[in-house]
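The values are calculated or read from the model by the stated rules, or taken from the named source; none is laboratory data. Nothing here was measured: the structure is a model prediction, and the numbers come from that model. As a convention, Cβ positions derive from the backbone with ideal geometry for all residues, glycine included, and neighbour counts pool all protein chains shown.
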C-alpha cells in the first residue's frame, strides 16, 4: 500500500533517531534545561538571523497555537485568522477552550489579505459599540497555508505593517515551514519570517521529527514565566531533551531545509505527472501538499492501493483529495502512484 | 558527575529505542490509529486483567491529570487529594486552569486516609450551605505517592469503597507505577489497581520511555468523544505511533515490571548503605525514590560530585534531599555514591 | 431631548416599583428561595402552558446566555447561531470565555434557516475529520432577532425539528420576547415557544424591569445543581426577591403582554409616519425596534434633539439608525419625533 | 416569625426606593454611562479621600470577587487568602472557574497574619521548584471577615507592606464594610482602606441596597478596557442606573454609615443581652453578625419562632449559630429575641 496520506505517518528522519541513540545515556536536567536544547536554540537563532530570539520547544501544533495565543492575548481579545485557518477549523476549539474567540477574514487560497485585515481593524475601532465586542488582539497566519500556498515577502510585509500600526502581534504557524522555505516559488527566508512577525513556530512533527515544535519569540516578547504558563496548560515536557536533541539535529548541516527541498521536489514531480495525465489540480500548491480533483469512482478504486486524505466535496461526482510527500517518501513511491493513476 | 536527580534524566530504555528504529519506516495513520497503539492497548488490557479497559496515550503527567480530571468532573465539582498531591502542588495550577478546585485532605506520608475522606464527604452533604460550595466530584491519589510511599491493598480498597458509596470516581496517578508494583513491600497488583479505581495512568516518562502515559479507563467510563476532548486540551499527539511503539515495548516481555524491579533494587541498596553509614532516612520509601536528611554542609559539598534533588527544609542545619534510581542507574553509580557519602 | 436610544433607558414600569415598595419589609430567604420567586414561577408556568417548566431568574441577558449555553454544552461542543446573533457579536466573547466556540450560519434578516442548519449538521458528521472539529452542540436563535424580525411558527417548528433529529437543544434568547409575542404579524405564542424549544429566557430588562431575565427549561432538562452552576459563574443574586417580585408583577394581569403591545403600537405609528415622510425603512420590523436609513447630515442634526442608536453604515452618505420604543415612551414623544423628522 | 437569618432578607433601605421612584422616568444611557453613576462615583471618591479612584458598579459579591481577581491575576497566578475566606469556601469555585487557584493561609478568627503571609511569599521564591507552582499573585482579605471580626489599622498596614514588598495587589472584600467602618472597636476609616489596598469593594447588597457592589481601584490601576472585561464575564448591568442611583443615595447624607452604625448598635444590644443570659459567645464580633453557641435542643425549639443561620458544629450537643442585624431590624425585634432566649 502506497502512503501519501500525510507528512507525519512515518517515524523520524534517520539522522534524528541516530542522535537520540547517541545521546541516550547522557544524564540531563529536565524541562528544557538540557544541553541539547541549548545547542538547538543557538542554531535556530543563527538560522533566523535573530540573536535575541527566545525559543521554547513544545510537543505539537495545536498545543503550540493554544499556548502562544493564550499567552499573548488579554482575556477580552480574540485572534484574527482566515476562515480556513487551522485554529478555527481543525483544532477542536482549543483556542476557545482557553477563553478566546477566533475572528475570521475570508481566505484567498488559504491566505488573508492585508487590506481586508486593515479594514477589519479600522471598522472595529470605528464601531460605537466596540467595547461590547471581542477586541482583535493578534493575527494568526499559517505559512504554508492549509492549502499548501505561500505568502510572498511583500504580502507578509503588508500584513506585518498593519499589525504594527495597530500594535498587535503577528503570529505565524509554521507547522510545515520547511516546505514553505524551500519552495522554488518563494522569496521568503527564515530571517524574513523572524523579522516580520512577533512569534512563530518551526514545525517539527510534519517536517521529520517524532514530535516537537520550536516556538520562536523574535522581539524580546516571550511572556514572563513562560515555562510556568506552559506547565499551566499541561504542555511542559519532562524530558525536554527529546525535543532538544531533535531540533539540534534538524538545524545541523541544514537537515531541516534538506527535508523541505526533498519533499517539495517529489511533490512537484507528482504535480507535473498529474497535470500530464490530465488531472485537474485544485490549487496550484508550490509545497509538499498537492490537492487534486478526482472522480468519485476513481477515488474509491484508488483507496485499495494508496492511502491519501479526503479534503472536501468538489461537486456531486468529484472530490478534492490531498497527496502529501515527506522525508520518507521515495521517488519510486511517486512513480508508482503516477502509474496507478 | 553522578546523577541521582530524578528518574527522567536519561533518554529511553534501549529496547524502546530499538523498537522505534525497527518501526520507523512503516507508514501508519496518525492520532493513535496505528497498529502499535492497538497492540499496546491489547497488552495493557491483558496485564490489567481488564479486557474492556479503554486506553488513551497522552504525552505527560500533568497533561494526563488535567485532561482526565477535567473530562470527568462537572463544571461545579472539584477533585479531592492529599495536601501533598502533585496536582495541588507542582503542576502550576493546571487543574484550576481547567476550572476546577483542588480540595485537600491532610497527608499521612503522602497518603490520604479513607476515614478522613469519608468524613469530608459526609460533612459536605451535611452542610446546609453545600449548594454554595465546590462539590467533591472525584478522588485523586498517587501510587507511589510523591514521597515514594505505597497504599496497601486494604487501604486502596477502603478508599475505593468510600468513592463508590458517594458515586464519585477514584483516579490513580501512576507516574511511577512500575516502582510501586514491583516493590518488595506491596501486595497491590496491576489488576488490583484496575479493579479498585475507575481510571488510572501507567506512567511512561518516569519509567523508561522518552515520553508518554497510558490512561486506562477501567469501567467502560471513557467519556464520549475523548479524542476530541484531548485535542480540545491541545494534548493530542499527531504521531500517536510514538507512544504506541513505546508502550507496546514496555508491555512486551514484562519490560515495564523489569524496569521497576531493577530500579527498586538499586534504591534498596542505596537506602541500606545510607542507614549503615548512619544517615537519617526521612521517609522509609519502598520504591525508587529515597529521601535522606543531610547536614547542609554535607549537602553543599555533595553538589560538586552528584546531582540530586532538593526536597524541603528539615531544620536550620539540615535539608531533606531526594536520590532517585532508574533503568539508567548502574550498581557502580550506587556504590560510588555510597563511597562519596 | 427625546429618547429613542433603546428600550432600557428608563427605570422600571411603575407597577413594578409599587410591588417592590409593598413587599420591601417582608423578610425572605435569599438566593431565590423567596415566596415572590415561587409565585412568579407558578404564573410563568401557567402563561407558558408548561406545568413542568423549571425556571431560574438571572440578572442580565449576556449572563443568561453564557450560563445557559455553558451549562448545556459539553466541553468540546459549540453553539450554532446566525452571524448576526447577539452572542457572537455584542457579548464581548462571554460564550468563548466559558470555553465554547460560536459556530455561525448566514443570517436572513437576522434569522437562520432550518435547511441551512440541517446542511451544516449533516456536513459536520459527513466530514471524515469531524473528531478534530468543534461539535455543533446546540442552536441559539433570538426572537425577536437583533433586527427586530420574527420567526413564523412554521420556521420555528422546522428549526426545532432539525434540532430534535440531531438531539441537540434549541435555545431561544427572548431578551425582547414581549414585543415578539405581541406583534400584529406573529402567529407564535408563549406556549408555542415553550413547546418548540428546550430552553428560553423571558427578557425583563428590555421589557420593563430594572433587571432580570427568567430562564425557562421546558423539558425537565434543567441541569442538576443549577444553582451551584449559576453561583460558579458569579451570577447568583443574593436578594432573589428582586427578580422574583419583578417577574411576579410582570405576569400579573398580563402586564408583560401589555408592555409589549403598547411599545409595538408606538413603533408602528413611528414606522408608518416615517414611511409617509418618505424615509427608507432598512428592515420592515414588526416589533418595537425600527431601523431607518438616514442621510448622514440629517443624522448629525437629529443628534441634538433626539437620542437614538447608530446601527451600521448604509453607504458613503447614509447610515442605518435604530429608534426603540418601550413602556416609557409616550405617544407625544413619537409625534414630536415625527415632527422633527 | 422573627428574622435574624442574614442582613439581606429584606428589600432596600426606604431612602433607596424613594430615589428609584424619583429618577424612574429620566432617560439615561445604559451600561453605567448615566448621571447617577457619575454622581455616586464622585461621592465615593470624596468619602474615600481618593480623588483619582476609578469605580465600577457590579451586581453581587461573588461576581465582584471573580471579576476583580481574574482581571488582576496573570494566568499562572493564584490569590492568597485565609482558609475561611469567602472566595475559597462559599463561592462555589467562581475563582477557579476563571482559572485561578485559591492559596490559603491559616485564619485567626477569620483574619490572616502579615507575618505568615510574608513567610509564604518568601518560601515560595526560595523553593527551587517554584516555576512549577502557582505564583501567589495577589492577596484577598475580607473586612469585616466572615466571622464579623476586624483588622486593626496596624494589621492592615502590615499586610499592605508585605504586598508592596512583593509587588502584588491587596484586595479587600467589603461585602459588609459599613458595619466594619462603624464598629465601636475600629480605628480603620474608609480613607485608610483606600490608601492601604489596591482595590476593594463597598458592599451594597448586605448594607441596604437591592443589589450592587462598588468596586474601587485606588491606585490608577483599573485594568484597561475594564467594561469589556466585565461584559466578558457576563457581569455588565444594562441599566447601570440601578446601581448608580442606589450608591448615589447610600453616599448622600452618610446613609451608608448610618446603616452600619444602626445595625451594629442592635447587634451589640443583642450580644450583651445574650452574655447576661449566660449564653456562650463563639467569637466576640464587634459588627452586625453575632455568633452564639446553642444547645442543639434550644436551637431546634428556637427554629419555630426565629429564623437564624446555622454556622458550624461546636460539639456533639452544641451548634454555632449566627444572628445578623440590618437596617430592617428593629429594637423591638432584638428585645423579643432576647425574651424568647
Q. Pick from B:296, B:272, B:254: which is under 19 Å from the mean Cα position of the chain (by Cα), surrounded by fewer than 20 Cβ atoms within 10 Å (Cβ to Cβ) and free of Cβ contacts under 8 Å to residues at least 24 places away in the same chain?
A. B:254
Q: State all residues of the stretch A:99-124 that are away from chain C (no Cβ under 14 Å) and within 16 Å of residue C:89 (Cα to Cα); if no residue qualifies, say none.
A: A:121
Q: Identify all residues within the stretch A:48-60 that are part of a loop (DSSP other than H, G, I, E, B), touching a helix residue (DSSP H, G or I) at 6+ places or on another chain (Cβ under 7 Å) and more than 18 Å from residue A:238 (Cα to Cα); write none if there are none.
A: A:49, A:50, A:51, A:53
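Condition check: surrounded by fewer than 24 Cβ atoms within 10 Å (Cβ to Cβ), more than 8 Å from chain D (Cβ to nearest Cβ) and at pLDDT 95 or above. Does residue C:243 satisfy that?
Working: surrounded by fewer than 24 Cβ atoms within 10 Å (Cβ to Cβ): no; more than 8 Å from chain D (Cβ to nearest Cβ): yes; at pLDDT 95 or above: yes.
Taking the combined requirement at face value, the residue does not satisfy it.
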**Q.** Matching residues, the stretch D:21-42, being assigned to a helix (DSSP H, G or I) and under 28 Å from residue D:95 (Cβ atoms)
**A.** D:37, D:40, D:41
**Q.** Given (1) in contact (Cβ under 8 Å) with a residue 60 or more places away in the chain; (2) within 14 Å of chain A (Cβ to nearest Cβ); (3) under 30 Å from residue C:132 (Cβ atoms); (4) buried (at least 24 other Cβ atoms within 10 Å of the Cβ), index of the condition residue B:40 fails
**A.** (2)
Q. Quick one: is residue C:54 more than 14 Å from chain D (Cβ to nearest Cβ), in contact with a strand residue (DSSP E or B) (Cβ under 6 Å, 6 or more places away or on another chain), under 20 Å from residue C:213 (Cα atoms) and surrounded by fewer than 22 Cβ atoms within 10 Å (Cβ to Cβ)?
A. yes
Q. So which strands (runs of 3 or more DSSP E) are wholly in the stretch D:61-168 and hold at least 2 residues that are surrounded by fewer than 24 Cβ atoms within 10 Å (Cβ to Cβ) and within 16 Å of the chain's Cα centre (by Cα)?
A. none
Q: Determine whether residue C:110 is touching a helix residue (DSSP H, G or I) at 6+ places or on another chain (Cβ under 6 Å), on the phi > 0 side of the Ramachandran plot and modelled with pLDDT of 95 or more.
A: no
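Consider the stretch D:63-84. How many of its residues are out of contact with any helix residue (DSSP H, G or I) (no Cβ under 7 Å at 6 or more places or on another chain) and within 13 Å of chain C (Cβ to nearest Cβ)?
The number of residues fulfilling the criteria is 4.
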Q) Just one of the numbered conditions (1) in contact with a strand residue (DSSP E or B) (Cβ under 8 Å, 6 or more places away or on another chain); (2) buried (at least 20 other Cβ atoms within 10 Å of the Cβ); (3) more than 9 Å from chain C (Cβ to nearest Cβ); (4) not in a loop (DSSP other than H, G, I, E, B) is not true of residue D:45; which one? A) (2)
Q) Is there any pair with a first residue in the stretch B:24-37 that is more than 9 Å from chain A (Cβ to nearest Cβ) and on the phi < 0 side of the Ramachandran plot and a second that is modelled with pLDDT of 95 or more and buried (at least 21 other Cβ atoms within 10 Å of the Cβ) whose Cβ atoms are under 6 Å apart and which are 6 or more apart or on different chains, and what are they? A) B:36/B:241; B:36/B:244; B:36/B:245; B:36/B:248; B:37/B:240; B:37/B:244
Q: Filter the stretch C:214-240 for residues that are buried (at least 24 other Cβ atoms within 10 Å of the Cβ) and within 8 Å of another protein chain (Cβ to nearest Cβ) and give the result.
A: C:231, C:232, C:233, C:234, C:235, C:236, C:237, C:239
**Q.** Within the stretch D:299-317, tally of residues that are crowded, with 17+ Cβ neighbours inside 10 Å and without any contact (Cβ under 8 Å) to a residue 60 or more places away in the chain
**A.** 4
Q.
Given the condition assigned by TED's automatic domain parsing to the domain that holds residue C:137 and at positive phi, answer yes or no: does some residue in the stretch C:56-77 qualify?
A. no
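Table: residues versus (1) at pLDDT 95 or above; (2) in contact with a strand residue (DSSP E or B) (Cβ under 6 Å, 6 or more places away or on another chain).
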| residue | (1), (2) |
| --- | --- |
| D:263 | yes, no |
| D:266 | yes, no |
| D:280 | yes, yes |
| D:303 | no, no |
| D:328 | yes, no |
| D:331 | yes, no |
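Here is a list: A:14, A:27. Which entry is over 21 Å from residue A:173 (Cα atoms), in contact with a strand residue (DSSP E or B) (Cβ under 7 Å, 6 or more places away or on another chain), surrounded by fewer than 24 Cβ atoms within 10 Å (Cβ to Cβ) and modelled with pLDDT of 95 or more?
Step by step, each of A:14, A:27 is checked, and only A:27 is over 21 Å from residue A:173 (Cα atoms), in contact with a strand residue (DSSP E or B) (Cβ under 7 Å, 6 or more places away or on another chain), surrounded by fewer than 24 Cβ atoms within 10 Å (Cβ to Cβ) and modelled with pLDDT of 95 or more.
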